[in-house]
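Participant: Quick one: this structure, given as structure tokens, is what I'll be asking you about.
The values are calculated or read from the model by the stated rules, or taken from the named source; none is laboratory data. Here the structure is a predicted model, which means the values were calculated and not measured. Ideal geometry is used to build each Cβ from the backbone, glycine not excepted, and the neighbour counts take in all protein chains shown. What goes into the accessible areas is simple: the full protein's heavy atoms, side chains included, and nothing from ligands, DNA or RNA. Shrake-Rupley method; radii C 1.70, N 1.55, O 1.52, S 1.80 Å.
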Amino acid sequence: MKIGLEMHFQLPTRSKLFCPCPTAPAEPNHNICPVCLGYPGSRPSLNRKALEIGLGIAQFLDCRIEERVWFSRKTYFYPDLPKNFQITQYETPLGTDGRFELNGRSIGIWRVHLEEDPGRIRRVGRPGEEIAFVDYNRSGIPLVEIVTAPDLTSPEEARTFIDQLVIELRALCGLEAQDEQTVRVDANISVGEERVEVKNVQGLRNLERALRFEAGRQYKLIAAGKRVVRETRRFDEERKVTTSAREKETEEDYGYIGEPDLGEFRTGNMLRALDLKETPLARARRLVASYGIAEVTAKQLVLTSSRLTDLFEELCHHVPAERAVAWTTGPISGNWSTLQDQAIWPELVQIVKADAEGHINDIEAKRRILALAGVRQEEASGTEDDLSKLISDYIDAHPEVLADYRRNPKAANTVIGHAMKESRGRHSSKEVVEEVKRQMERRA
Ligand SMILES: [Zn+2]
């Protein structure tokens, strides 16, 4: 099975792509102006921020980036498109021939380009007596379109792909969080020779359903000795089936022409000024490579919190990675709301370090971490003072041990055994041995 995706994401800019109208939600037809309503004589001007974000995405996706880009008019007539053309990029997308790593596999990215959203049509009333309302608030909202090669092999993988892409783009450029539900996707799917396009599916769950249905439909046709017809289909969310849309437009039918009002843009300087952040999944891959931790652990860390991952990396400078994993995914993430305060990290590092070096045991380390987090602990437990008192009390009560020790240092073992037993594992043996020796030496 081969699946290719064409996804549209709204870019997180404050104003529209070609006019200063706000992108924030508002009453219908509130955020509009002569440019996004396509009035005669109005002229678009490009939102540089949108271009910058688009270039960042193209670069993140490892695309070849055009040095000069321009926009085109895609001509069609529909009430949601007041200019009768949509400004998009046709001949010069921002990026081509990129890739995205999905769970160790490289998924090809054919193109990344910018375009404006049309308006929205809302129909009310009974079937046959509907009234259509048009809201132009969305007209001119900046979108990035990302087109993949048909490298995905199942509906589940297609969903996972978008899911992971959204995680990355959110961290990279602040893409809106609700995109899993609102992302609009056109998908190509073929199980045999001929491919079918399923257009305008909204949300990841619907995408997976639409692709499952369509794959099943194609398999059945082939099994029955029939041909799969190359066509465009729509997904009916109510009935959860795809239906033929009987559309015959090809890209050539749109009669693309260059947009004369915007001119050309050079990407060189903008690209050089880009400062791309390390995205969560890229960071997870680096953690696996640098610290040898399991991939599932690395993903758990980066998806929990980038600052928790910062602390993990800090701990890795002092203790073996598996100890850093145990503490960060255990008691530290469990009390993250208080422990995320960077001011107490040095102390946290010291505790984990003392544990790793055997100066204290795991129980004591956990107790100290919880204390640092301000967690009240039921069980009275040992502190270093307790240990020191436990030992000195025993030596006071058994002066003969001290006398033996002067002749044979192995006599200290009696005190060590007693202290280990009494402290019930609250202290590491190394810690007990050191404290006993210190006190015996002082008194001997
Ligand atoms: Zn406007």
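Participant: Along the Cα-to-Cβ line of Thr250, 7 Å from the Cα, sits a label point; which residues in segment 172-208 have backbone N less than 15 Å from it?
Facilitator: Residues 195 fall inside that zone.
Participant: Give the angle, between 0 and 90 degrees and rounded to the nearest 10, that separates the Cα long axis of helix 280-291 from the longest principal axis of the Cα atoms of the chain.
Facilitator: Taking the Cα atoms of the chain, the angle to 280-291 is about 40 degrees.
Participant: Moving on. Which order do Lys299, Lys410, Lys49 take by accessible area at a 1.4 Å probe, largest first?
Facilitator: Details: Lys299 50, Lys410 145, Lys49 110 Å².
Putting Lys299, Lys410, Lys49 in descending order of accessible area: Lys410, Lys49, Lys299.
Participant: Something else about it: In whole Å, largest first, what are the principal axis extents of the Cα atoms in segment 384-443?
Facilitator: Taking the Cα atoms of segment 384-443, the three principal extents are 30, 19, 18 Å.
Participant: Sort His317, His359 by heavy-atom solvent-accessible area, probe 1.4 angstrom, most to least. Could the numbers behind the result be given before it?
Facilitator: Numbers: His317 135, His359 70 Å².
Reading off the accessible areas and sorting them downward yields His317, His359.
Participant: With each pseudo-label sitting 7 Å past Cα toward Cβ, what's the Asn200-Glu237 distance in nm, one decimal?
Facilitator: Modelled inter-label distance: 1.2 nm.
Participant: So if we plug the beta-carbon distance of Glu434 and Glu278 into 1/(1 + (r/R0)^6) with R0 = 35 Å, what FRET efficiency do we get, rounded to 0.05? Could the numbers behind the result be given before it?
Facilitator: Details: r = 42 Å, r/R0 = 1.20.
Once the sixth-power term is evaluated, E becomes 0.25.
Participant: Does anyone have the angle between helix 48-60 and the longest principal axis of the chain? Alpha-carbon axes, 0 to 90°, nearest 10?
Facilitator: The angle comes out at about 60 degrees.
Participant: Just by accessible area at a 1.4 angstrom probe, what is the order of Phe265, Phe312 from largest to smallest?
Facilitator: Numbers: Phe265 25, Phe312 0 Å².
Correct descending sequence by accessible area is Phe265, Phe312.
Participant: Could you tell me what a quarter of the Cα convex hull surface of segment 280-372 works out to, in nm² with one decimal place?
Facilitator: Working: hull surface 20.9 nm².
Reported value for the Cα convex hull: 5.2 nm².
Participant: Test of understanding: what is the full-extension gain from Ala343 to Tyr78, defined as 0.36 nm times their sequence separation minus their Cα-Cα distance?
Facilitator: On the way: separation 265, 0.36 × 265 = 95.40 nm, distance 5.82 nm.
Computed gain between Ala343 and Tyr78 is 89.6 nm.
Participant: Within the set Lys74/Lys240; Lys299/Lys430; Lys83/Lys277; Lys389/Lys410; Lys2/Lys226, which residue pairs have Cα atoms separated by over 29 Å? Show your work: numbers first, answer last.
Facilitator: On the way: Lys74/Lys240 31 Å; Lys299/Lys430 35 Å; Lys83/Lys277 37 Å; Lys389/Lys410 21 Å; Lys2/Lys226 19 Å.
Among Lys74/Lys240; Lys299/Lys430; Lys83/Lys277; Lys389/Lys410; Lys2/Lys226, the Cα-Cα distance tops 29 Å for Lys74/Lys240; Lys299/Lys430; Lys83/Lys277.
Participant: With the Cα gyration tensor of segment 230-307 giving a ≥ b ≥ c as the square roots of its eigenvalues, does the rule (a/c under 1.5 for rounded; else a/b larger than b/c for prolate; else oblate) give rounded, prolate or oblate?
Facilitator: On the way: a/c = 3.85, a/b = 1.39, b/c = 2.77.
Taking the square roots of the gyration eigenvalues as a ≥ b ≥ c, segment 230-307 is oblate.
Participant: Please determine, in degrees from 0 to 90 and to the nearest 10, the orientation of helix 362-372 with respect to the longest principal axis defined by the Cα atoms of the chain, where the helix direction is its Cα long axis.
Facilitator: 70 degrees
Participant: Please give me the summed charge of the neighbours of Phe71: other residues whose Cβ is under 15 Å from its Cβ, Lys and Arg +1, Asp and Glu -1.
Facilitator: On the way: positive: Lys16, Arg43, Arg48, Arg68, Arg73, Lys74, Lys83, Arg111, Arg266; negative: Glu66, Glu91, Glu115, Glu116, Asp117, Glu145, Glu259, Asp261, Glu264.
Every neighbour counted, the sum reads 0.
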